[in-house]
Ligand SMILES: [Zn+2]
């Protein structure tokens, strides 16, 4: 994909700089890419619970049918961004050898942003509170029914189930964060490898080969336990060689823009492997040897400090803080308090010799201090005195990356 890598700056569709774009915004930037002159056909195949369109896009004239769907979890948008970039590539570089191969040998069927109501709120579940990826069996939601109906109509040879995962996941037992996790889901609890699954494994291995030069050591395999309610597992059971791609995180890439490019490159390598038959015979070990997703680390750990809560005796205590947007360090809340010397986190701050003092709650009418309690918003000072006058550092919900912190791990 070296040639495509060089083209990428021109393919990166503008207007998707933040990962919490809403559905209207995505269609506004994607629709101009999806003209008939670019080879696309578009049809509405249903509506979400709140009436947003579920749209099926078709491109290519080949006999191998490939179905791709993204963002069935509304806050997992990296695949949807990568699809926009894929559409730009297909439409704007029709004579590129990869595009020509794809057009001649595959027909792509794409259902972007399967959960637009969730995307509008940037939440996992649909407007009914149902997880669409646990609705493949019951088909209670209109979104799941639209995907199942499209799958039955297209009967794709290959399927791509495009997700994001918690950036806290480590690769195996290493301390390295998972940037991309791959799975060729099993079709049953026996975890057998039949011909269809073998092809999926080869496609997943093809993605690994494409991404290894960029993120060696940060690629993992998703848990292979069969889930009878999940779409990837059931599309595998329905005979489609299915690959799950999960975007985790890259430190310093808060809006997943670097990851978006890699997602696009991996997806394109997979599709090209299918179109040209290049995946056939790729060693299964390249997939099989990937370490599984390991532990999920907390985001931030404050170690060595002393809690100084007005009205309570001082206590030596470490804190764990998780963030609603972990890569952007935004929306912190306290997850644990106590001896956390053995609990790893993505980042550690050394508060030895300092007091942890509740900061005033800026959202409150009075100047009442924030609480230091499990699940409370993270809002405290590190100070040299227990009254919090001589402050060294403050965390108020969001960690300001520009502000120097007393890091223990640097
Ligand atoms: Zn997901």
**Asked** How far is the Cα center of region 336-377 from the Cα center of region 112-185, in Å?
**Response** 34 Å
**Prompt:** Roughly speaking, what % of Cα-Cα pairs in region 295-349 are separated by over 12 Å, rounded to a whole number?
**Reply:** 63 percent
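Could you calculate the FRET efficiency of residue 149 with residue 283 from 1/(1 + (r/R0)^6), where r is the beta carbon distance between them and R0 is 25 Å, rounded to 0.05? Mind dumping the intermediate values first?
On the way: r = 36 Å, r/R0 = 1.46.
After rounding to 0.05, the efficiency reads 0.10.
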**Prompt:** Name the residues of region 223-238 whose amide N is less than 15 Å from a point 7 angstrom out from the Cα of residue 138 along the C-beta direction?
**Reply:** 228-231
**Request:** Provide the percentage of antiparallel DSSP beta bridges, counting only those with both residues in the chain; round to the nearest 5.
**Result:** 60 percent
**Prompt:** So what is Rg over Rh here for region 2-295, counting just Cα atoms and using Kirkwood for Rh?
**Reply:** 0.92
**Asked** Tell me, in nm to one decimal, what length is gained between residue 257 and residue 226 on full extension, where the rule is 0.36 nm per residue of separation less the Cα-Cα distance?
**Response** 8.0 nm
**Asked** Which value, in nm² and rounded to one decimal, describes the direction-averaged projected area of the C-alpha convex hull of region 297-396?
**Response** 6.1 nm²
**Fill in**
Quarter of the surface of the C-alpha convex hull for region 46-177, i.e. direction-averaged projected area in nm², equals 9.6 nm²
**Asked** Between residue 192 and residue 368, how many nm apart are label points set 7 Å from Cα along the C-beta direction?
**Response** 6.2 nm
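Find how much the distance from residue 403 to residue 121 grows on full extension, using 0.36 nm per residue of separation minus their present alpha carbon separation; answer in nm with one decimal.
98.5 nm
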**Request:** Run the quick spin-label model on residue 296 and residue 339: label points 7 Å from Cα toward the beta carbon, then report their separation in nm to one decimal.
**Result:** 2.6 nm
**Asked** According to a simple spin-label model (label point 7 Å from Cα along Cα-to-Cβ), what is the distance in nm between residue 92 and residue 173?
**Response** 4.7 nm
**Asked** So how far, in whole Å, is the C-alpha centre of region 1-30 from the one of region 263-291?
**Response** 23 Å
**Request:** State the extension gain, in nm to one decimal, for the chain segment bounded by residue 8 and residue 394, taking 0.36 nm per residue of separation less the distance between their alpha-carbons.
**Result:** 135.0 nm
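Any read-out appearing in this document is the output of simple, stated calculations on the displayed coordinates, not a laboratory observation. Predicted model, so just to flag it, every value in this text is computed and none were measured. Methodologically, a virtual Cβ is constructed for each residue, glycine included, from the backbone with ideal geometry; neighbour enumeration extends over all protein chains shown.
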